[in-house]
Amino acid sequence: ALPIFTTSSNFSTTAAPCNSPTGLNSTGVTTNSATVGANSVPNATSYNIQYRAVGASSWNPTTSSTVTKTLSGLNASTSYEFQQQAVCPTNTSAFSASSNFSTPAPVCAIPSGLNSTAVTNASATLNWTAVSGASSYVIQYRITGTASWTTATSTTTSKAISGLTA
């Protein structure tokens, strides 16, 4: 005898899980950019990333077709936080917990245009070209061939020194 089947019944499978990204990290951090990323999420087709300066009230949203994204236009000497969200074919994960990174302070250039004016037997004025962003300068001078330096500071692009040996 042949088995007798009942009438059919329908069912649907649930969507594949779309997990929140983990392993958030930042690399290549400069004074105004950073590359942020995480571990890839199975089934993800893209990622939503949001970032902000720590303590800011609103997020800056961006997207990426890969698990990493280079953020640009950042401020120097600032702590940032970012979160990632996976976008899957049928659903979207929650945003991950935040991860932080800090941009470094800008590096000052080395002063150029060194010269001296108003030289006498006991004094001179040392001059240099202004460095953008510099708030002060540290000057070192010595008698040629000696080991000991004398240090002075200036908030302008010159420094009058005295007590020199003729």
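Any read-out appearing in this document is the output of simple, stated calculations on the displayed coordinates, not a laboratory observation. Just so it is clear, the model here is predicted, and its values are computed rather than measured. Quick reminder, even Gly has a Cβ in these numbers, built from the backbone with ideal geometry, and neighbours come from all protein chains shown.
Yes or no, residue by residue, for (1) under 23 Å from the mean Cα position of the chain (by Cα); (2) among the aromatic types (Phe, Trp, Tyr); (3) more than 30 Å from residue 42 (Cβ to Cβ):
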position: 57; (1), (2), (3): yes, no, yes
position: 82; (1), (2), (3): yes, yes, no
position: 97; (1), (2), (3): yes, no, no
position: 104; (1), (2), (3): yes, no, yes
position: 117; (1), (2), (3): no, no, yes
position: 125; (1), (2), (3): no, no, yes
position: 135; (1), (2), (3): yes, no, yes
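Here residue 140 meets each of (1) over 26 Å from the mean Cα position of the chain (by Cα); (2) under 17 Å from residue 31 (Cβ atoms) with one exception, condition (2). Can residue 154 be described as small (Gly, Ala, Ser), closer than 30 Å to residue 77 by Cβ and without any contact (Cβ under 8 Å) to a residue 24 or more places away in the chain? It is true that residue 154 is small (Gly, Ala, Ser), closer than 30 Å to residue 77 by Cβ and without any contact (Cβ under 8 Å) to a residue 24 or more places away in the chain.
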